[in-house]
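Structure first, commentary second.
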Amino acid sequence: MIYCLLSGMYNPRCKDLDRDYFPSYHTTRFQDQPEPNLAILEHFVRVTKQHERDLTEKQGITVDHMRYGGGRQLVDMFYSDRTSNHAPLFVFVHGGYWQEMDISTSCSIVGPLVRRGYRVVVMDYNLCPEVTLERLMSQFTDFLNWIFDYAEMTNVQEMTFAGHSAGAHLLAQILIRPNVISPQRSKMVWSLVFLCGVYDLRELWNLESVNPKNILGLNERNVESVSPMLWEYTDVSVWNSTKIYVVAAEHDSITFIEQSRHFSKVLRKKGYKASFTLFKNYDHFDIIEETAIDESDVCRFLRNIQIE
(Lines give C-alpha, C1' and ligand atoms only; values in the text may rest on other atoms or scores of the structure.)
Protein backbone atom coordinates (compact mmCIF):
# COMPACT_ATOMS: atom_id res chain seq x y z
CA MET A 1 0.00 0.00 0.00
CA ILE A 2 2.14 2.88 -1.27
CA TYR A 3 -0.26 5.52 0.08
CA CYS A 4 0.23 4.29 3.66
CA LEU A 5 3.99 4.32 3.29
CA LEU A 6 4.11 7.92 2.11
CA SER A 7 1.34 9.64 4.05
CA GLY A 8 -1.46 9.04 6.49
CA MET A 9 -5.20 9.51 6.65
CA TYR A 10 -4.94 11.25 10.02
CA ASN A 11 -1.54 12.87 9.51
CA PRO A 12 -1.15 13.67 5.81
CA ARG A 13 2.36 15.03 6.36
CA CYS A 14 3.51 11.79 7.95
CA LYS A 15 6.53 10.21 6.26
CA ASP A 16 6.83 7.27 8.67
CA LEU A 17 3.58 5.61 9.68
CA ASP A 18 5.43 2.97 11.70
CA ARG A 19 6.71 5.73 13.94
CA ASP A 20 3.37 7.58 14.08
CA TYR A 21 1.64 4.42 15.30
CA PHE A 22 4.30 3.73 17.95
CA PRO A 23 3.43 5.91 20.98
CA SER A 24 6.76 5.41 22.76
CA TYR A 25 8.53 7.53 20.09
CA HIS A 26 6.57 10.68 20.92
CA THR A 27 7.31 11.29 24.59
CA THR A 28 9.25 14.33 25.72
CA ARG A 29 10.49 12.40 28.74
CA PHE A 30 13.73 10.41 29.02
CA GLN A 31 15.40 12.40 26.27
CA ASP A 32 18.69 12.09 28.16
CA GLN A 33 18.58 8.32 27.64
CA PRO A 34 20.23 6.61 24.62
CA GLU A 35 16.85 5.17 23.54
CA PRO A 36 14.00 7.22 25.05
CA ASN A 37 11.37 5.02 23.42
CA LEU A 38 12.66 1.97 25.31
CA ALA A 39 13.22 3.89 28.53
CA ILE A 40 9.63 5.07 28.68
CA LEU A 41 8.29 1.55 28.25
CA GLU A 42 10.58 0.18 30.95
CA HIS A 43 9.52 3.03 33.24
CA PHE A 44 5.83 2.42 32.56
CA VAL A 45 6.07 -1.28 33.40
CA ARG A 46 8.13 -0.66 36.54
CA VAL A 47 5.90 2.12 37.88
CA THR A 48 2.57 0.47 37.14
CA LYS A 49 3.66 -2.85 38.64
CA GLN A 50 4.64 -1.00 41.81
CA HIS A 51 1.24 0.70 41.86
CA GLU A 52 -0.39 -2.73 41.71
CA ARG A 53 1.70 -4.07 44.60
CA ASP A 54 1.07 -0.97 46.72
CA LEU A 55 -2.70 -1.43 46.63
CA THR A 56 -2.68 -4.44 48.92
CA GLU A 57 0.67 -3.96 50.66
CA LYS A 58 0.39 -0.25 51.59
CA GLN A 59 -3.15 1.00 50.93
CA GLY A 60 -5.20 -1.71 52.61
CA ILE A 61 -7.20 -2.44 49.48
CA THR A 62 -8.65 -5.93 49.02
CA VAL A 63 -8.71 -7.74 45.69
CA ASP A 64 -10.91 -10.61 44.57
CA HIS A 65 -9.58 -12.67 41.65
CA MET A 66 -12.37 -13.72 39.30
CA ARG A 67 -12.75 -15.25 35.85
CA TYR A 68 -15.15 -14.63 32.97
CA GLY A 69 -13.67 -17.17 30.51
CA GLY A 70 -10.68 -19.34 29.67
CA GLY A 71 -7.02 -18.40 29.41
CA ARG A 72 -6.33 -14.78 30.39
CA GLN A 73 -10.00 -13.86 30.64
CA LEU A 74 -9.54 -12.66 34.21
CA VAL A 75 -10.95 -9.94 36.43
CA ASP A 76 -9.45 -8.38 39.54
CA MET A 77 -12.02 -6.57 41.66
CA PHE A 78 -10.71 -4.01 44.16
CA TYR A 79 -12.45 -2.53 47.20
CA SER A 80 -11.80 -1.55 50.82
CA ASP A 81 -13.59 -2.13 54.10
CA ARG A 82 -15.32 1.22 53.53
CA THR A 83 -16.73 0.21 50.11
CA SER A 84 -20.51 -0.20 50.27
CA ASN A 85 -22.17 -3.37 49.02
CA HIS A 86 -23.82 -1.47 46.19
CA ALA A 87 -20.90 0.83 45.35
CA PRO A 88 -20.68 2.16 41.81
CA LEU A 89 -18.45 0.12 39.51
CA PHE A 90 -15.52 1.55 37.59
CA VAL A 91 -14.29 -0.84 34.89
CA PHE A 92 -10.85 -0.42 33.28
CA VAL A 93 -9.61 -2.06 30.05
CA HIS A 94 -5.83 -1.96 29.48
CA GLY A 95 -3.95 -1.33 26.25
CA GLY A 96 -0.90 -2.95 24.67
CA TYR A 97 -1.86 -3.17 20.98
CA TRP A 98 -3.92 -6.29 21.76
CA GLN A 99 -0.67 -8.24 22.20
CA GLU A 100 0.93 -7.29 25.53
CA MET A 101 0.38 -5.93 29.08
CA ASP A 102 -1.83 -7.49 31.73
CA ILE A 103 -3.55 -6.74 35.04
CA SER A 104 -0.23 -6.23 36.84
CA THR A 105 0.48 -3.13 34.71
CA SER A 106 -3.12 -1.87 34.73
CA CYS A 107 -3.96 -0.97 38.33
CA SER A 108 -2.64 2.59 38.63
CA ILE A 109 -6.20 3.87 38.36
CA VAL A 110 -7.49 1.82 41.30
CA GLY A 111 -6.39 3.55 44.52
CA PRO A 112 -7.92 7.02 44.14
CA LEU A 113 -11.19 5.55 42.86
CA VAL A 114 -11.54 3.05 45.72
CA ARG A 115 -10.85 5.87 48.16
CA ARG A 116 -13.78 7.73 46.61
CA GLY A 117 -16.16 4.83 47.12
CA TYR A 118 -15.91 2.87 43.89
CA ARG A 119 -15.53 -0.85 43.45
CA VAL A 120 -12.94 -1.01 40.66
CA VAL A 121 -12.77 -3.80 38.09
CA VAL A 122 -9.57 -4.32 36.08
CA MET A 123 -10.05 -6.90 33.35
CA ASP A 124 -7.58 -8.89 31.31
CA TYR A 125 -8.04 -10.65 28.01
CA ASN A 126 -6.46 -13.20 25.70
CA LEU A 127 -3.78 -11.66 23.52
CA CYS A 128 -2.91 -11.95 19.86
CA PRO A 129 -1.64 -14.20 18.31
CA GLU A 130 -3.21 -16.69 20.74
CA VAL A 131 -6.47 -15.34 19.35
CA THR A 132 -7.16 -13.18 16.31
CA LEU A 133 -8.38 -9.64 16.93
CA GLU A 134 -11.83 -10.63 15.68
CA ARG A 135 -11.94 -13.47 18.22
CA LEU A 136 -10.66 -11.17 20.96
CA MET A 137 -13.46 -8.72 20.22
CA SER A 138 -15.98 -11.55 20.49
CA GLN A 139 -14.51 -12.52 23.86
CA PHE A 140 -14.74 -8.91 24.99
CA THR A 141 -18.46 -9.08 24.27
CA ASP A 142 -18.56 -12.10 26.60
CA PHE A 143 -16.92 -9.93 29.26
CA LEU A 144 -19.55 -7.22 28.82
CA ASN A 145 -22.25 -9.81 29.43
CA TRP A 146 -20.39 -11.05 32.50
CA ILE A 147 -19.87 -7.64 34.10
CA PHE A 148 -23.47 -6.55 33.55
CA ASP A 149 -24.69 -9.86 34.97
CA TYR A 150 -22.51 -9.18 38.00
CA ALA A 151 -23.82 -5.62 38.32
CA GLU A 152 -27.41 -6.78 38.16
CA MET A 153 -26.81 -9.61 40.63
CA THR A 154 -25.28 -7.17 43.16
CA ASN A 155 -27.80 -4.36 42.54
CA VAL A 156 -25.24 -1.89 41.21
CA GLN A 157 -26.95 1.28 40.01
CA GLU A 158 -24.06 3.13 38.39
CA MET A 159 -21.15 2.04 36.17
CA THR A 160 -18.29 3.82 34.43
CA PHE A 161 -16.08 2.20 31.81
CA ALA A 162 -12.64 3.40 30.74
CA GLY A 163 -10.27 1.96 28.16
CA HIS A 164 -6.73 2.97 27.29
CA SER A 165 -5.18 2.67 23.81
CA ALA A 166 -6.15 -0.78 22.45
CA GLY A 167 -8.47 -1.03 25.46
CA ALA A 168 -10.34 2.03 24.21
CA HIS A 169 -10.75 0.28 20.87
CA LEU A 170 -12.21 -2.80 22.57
CA LEU A 171 -14.50 -0.72 24.76
CA ALA A 172 -16.13 0.91 21.73
CA GLN A 173 -18.03 -2.36 21.20
CA ILE A 174 -20.27 -1.50 24.13
CA LEU A 175 -22.06 0.94 21.80
CA ILE A 176 -22.94 -1.65 19.14
CA ARG A 177 -24.02 -4.70 21.17
CA PRO A 178 -27.82 -4.35 21.59
CA ASN A 179 -28.06 -8.09 22.29
CA VAL A 180 -25.87 -7.48 25.37
CA ILE A 181 -26.63 -3.88 26.35
CA SER A 182 -30.37 -3.50 26.77
CA PRO A 183 -31.88 -0.05 27.31
CA GLN A 184 -32.05 -0.88 31.03
CA ARG A 185 -28.36 -1.77 31.10
CA SER A 186 -27.28 1.33 29.17
CA LYS A 187 -29.02 3.51 31.75
CA MET A 188 -26.67 2.05 34.38
CA VAL A 189 -23.65 3.44 32.49
CA TRP A 190 -22.94 6.93 33.76
CA SER A 191 -19.96 7.53 31.46
CA LEU A 192 -17.57 6.00 28.95
CA VAL A 193 -13.97 7.22 28.87
CA PHE A 194 -11.78 6.54 25.83
CA LEU A 195 -8.13 7.31 26.63
CA CYS A 196 -5.59 7.65 23.79
CA GLY A 197 -7.35 5.08 21.67
CA VAL A 198 -7.00 3.84 18.13
CA TYR A 199 -10.28 3.57 16.24
CA ASP A 200 -9.40 3.09 12.58
CA LEU A 201 -7.14 0.13 11.80
CA ARG A 202 -6.90 0.55 8.02
CA GLU A 203 -3.42 2.09 8.19
CA LEU A 204 -1.88 0.05 10.97
CA TRP A 205 -2.85 -3.51 10.08
CA ASN A 206 -0.10 -3.90 7.47
CA LEU A 207 2.64 -2.20 9.52
CA GLU A 208 5.17 -4.80 10.58
CA SER A 209 6.10 -2.80 13.69
CA VAL A 210 2.54 -2.84 14.99
CA ASN A 211 1.27 -6.09 13.53
CA PRO A 212 4.32 -8.36 13.08
CA LYS A 213 3.61 -11.33 10.82
CA ASN A 214 -0.05 -10.24 10.96
CA ILE A 215 -0.59 -11.66 14.44
CA LEU A 216 -3.83 -9.68 14.58
CA GLY A 217 -5.26 -11.76 11.73
CA LEU A 218 -6.40 -8.78 9.67
CA ASN A 219 -6.82 -8.24 5.94
CA GLU A 220 -8.37 -5.72 3.57
CA ARG A 221 -11.77 -7.39 3.93
CA ASN A 222 -12.15 -7.55 7.71
CA VAL A 223 -10.19 -4.47 8.82
CA GLU A 224 -13.18 -2.16 8.39
CA SER A 225 -15.40 -4.38 10.54
CA VAL A 226 -12.94 -4.05 13.45
CA SER A 227 -12.60 -0.26 13.09
CA PRO A 228 -14.97 1.67 15.42
CA MET A 229 -14.51 4.81 13.33
CA LEU A 230 -16.42 3.09 10.51
CA TRP A 231 -19.28 1.43 12.40
CA GLU A 232 -22.93 2.34 11.84
CA TYR A 233 -24.06 3.00 15.47
CA THR A 234 -27.79 2.46 15.06
CA ASP A 235 -28.79 2.28 18.76
CA VAL A 236 -27.86 5.81 19.79
CA SER A 237 -31.10 6.61 21.60
CA VAL A 238 -30.53 4.07 24.39
CA TRP A 239 -27.36 5.98 25.37
CA ASN A 240 -28.98 9.39 25.86
CA SER A 241 -28.16 9.40 29.58
CA THR A 242 -24.48 8.40 29.13
CA LYS A 243 -21.67 10.91 28.74
CA ILE A 244 -18.78 9.92 26.47
CA TYR A 245 -15.31 11.40 26.93
CA VAL A 246 -12.72 10.91 24.19
CA VAL A 247 -9.30 11.88 25.49
CA ALA A 248 -5.92 12.35 23.78
CA ALA A 249 -2.49 13.24 25.17
CA GLU A 250 -0.55 16.26 23.92
CA HIS A 251 2.68 14.27 23.58
CA ASP A 252 1.21 11.46 21.53
CA SER A 253 1.58 11.30 17.75
CA ILE A 254 -0.52 13.46 15.46
CA THR A 255 -2.13 10.29 14.16
CA PHE A 256 -3.26 9.19 17.62
CA ILE A 257 -4.51 12.65 18.53
CA GLU A 258 -6.44 13.08 15.29
CA GLN A 259 -7.94 9.60 15.49
CA SER A 260 -9.37 10.56 18.90
CA ARG A 261 -10.56 13.95 17.68
CA HIS A 262 -12.24 12.40 14.64
CA PHE A 263 -13.80 9.58 16.67
CA SER A 264 -15.42 12.11 18.99
CA LYS A 265 -16.83 13.92 15.94
CA VAL A 266 -18.21 10.66 14.54
CA LEU A 267 -19.97 9.92 17.81
CA ARG A 268 -21.38 13.45 18.12
CA LYS A 269 -22.71 13.35 14.55
CA LYS A 270 -24.46 10.08 15.37
CA GLY A 271 -26.13 11.76 18.33
CA TYR A 272 -24.08 10.65 21.33
CA LYS A 273 -23.18 13.06 24.15
CA ALA A 274 -19.49 12.91 23.26
CA SER A 275 -16.69 15.38 23.91
CA PHE A 276 -13.02 15.59 23.03
CA THR A 277 -10.27 16.63 25.47
CA LEU A 278 -6.58 17.08 24.71
CA PHE A 279 -4.55 16.69 27.90
CA LYS A 280 -1.66 19.12 28.00
CA ASN A 281 1.75 17.92 29.19
CA TYR A 282 0.81 14.22 29.11
CA ASP A 283 2.03 11.42 26.86
CA HIS A 284 0.54 8.04 26.02
CA PHE A 285 1.97 6.49 29.19
CA ASP A 286 2.00 8.98 32.05
CA ILE A 287 -1.69 9.69 31.41
CA ILE A 288 -2.12 6.24 32.98
CA GLU A 289 0.76 6.41 35.46
CA GLU A 290 -0.63 9.58 37.03
CA THR A 291 -4.11 8.15 37.59
CA ALA A 292 -2.50 6.79 40.79
CA ILE A 293 -1.94 10.35 42.10
CA ASP A 294 -5.06 11.79 43.74
CA GLU A 295 -4.34 15.40 42.77
CA SER A 296 -2.96 14.87 39.28
CA ASP A 297 -4.81 16.49 36.38
CA VAL A 298 -5.99 13.18 34.96
CA CYS A 299 -7.16 11.92 38.35
CA ARG A 300 -9.12 15.11 38.96
CA PHE A 301 -10.64 14.73 35.50
CA LEU A 302 -11.85 11.20 36.28
CA ARG A 303 -13.21 12.40 39.61
CA ASN A 304 -15.04 15.38 38.13
CA ILE A 305 -16.83 13.55 35.31
CA GLN A 306 -19.16 12.15 37.96
CA ILE A 307 -20.35 15.58 39.10
CA GLU A 308 -20.63 17.51 35.83
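The values are calculated or read from the model by the stated rules, or taken from the named source; none is laboratory data. Everything quoted here is computed from the prediction, not taken from an experiment. Glycine gets a Cβ as well: all are built from the backbone with ideal geometry, and neighbour counts include every protein chain shown. The accessibility values were calculated without ligands, DNA or RNA, using every heavy atom of the protein model including side chains. Shrake-Rupley method; radii C 1.70, N 1.55, O 1.52, S 1.80 Å.
Do we find a residue being open to solvent by 30 Å² or more (accessible area, probe 1.4 Å), within 30 Å of VAL114 (Cα to Cα) and either assigned to a loop (DSSP other than H, G, I, E, B) or at pLDDT 95 or above (or both) anywhere in segment 19-35? Yes: one or more hits. Output the residues belonging to segment 267-308 that are assigned to a helix (DSSP H, G or I), within 23 Å of GLN173 (Cβ to Cβ) and more than 18 Å from the chain's Cα centre (by Cα). Scanning segment 267-308 gives ARG268, LYS269, LYS270.
Table: residues versus (1) surrounded by fewer than 24 Cβ atoms within 10 Å (Cβ to Cβ); (2) under 20 Å from the mean Cα position of the chain (by Cα); (3) closer than 21 Å to GLN139 by Cβ; (4) hydrophobic (A, V, I, L, M, F, W, C).
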position	(1), (2), (3), (4)
GLY167	no, yes, yes, no
LEU171	no, yes, yes, yes
MET188	yes, yes, no, yes
PHE194	no, yes, yes, yes
GLY197	no, yes, yes, no
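Flag set for GLU158, criterion: touching a Phe, Trp or Tyr at 6+ places or on another chain (Cβ under 6 Å), within 25 Å of MET77 (Cβ to Cβ) and open to solvent by 10 Å² or more (accessible area, probe 1.4 Å). Are any residues in segment 149-178 touching a Pro at 6+ places or on another chain (Cβ under 8 Å) and of a type in the set (Ser, Thr, Tyr), and if so, which ones? If the condition is that a residue be touching a Pro at 6+ places or on another chain (Cβ under 8 Å) and of a type in the set (Ser, Thr, Tyr), then THR160, SER165 are the ones that fit.
Here ASP16 meets the list (1) acidic (Asp, Glu); (2) open to solvent by 50 Å² or more (accessible area, probe 1.4 Å); (3) at pLDDT 95 or above almost entirely, failing just condition (3).
For segment 106-138, taking the residues that are open to solvent by 10 Å² or more (accessible area, probe 1.4 Å) and among the hydroxyl-bearing types (Ser, Thr, Tyr), the one that is farthest from GLN59 (Cα to Cα) is identified as THR132.
Kindly indicate whether CYS4 is at pLDDT below 95 and in a helix (DSSP H, G or I).
The answer is yes for CYS4.
Just one residue in the set SER241, SER253 is open to solvent by 10 Å² or more (accessible area, probe 1.4 Å), farther than 14 Å from LEU171 by Cβ and of a type in the set (Ser, Thr, Tyr); that residue is SER241.
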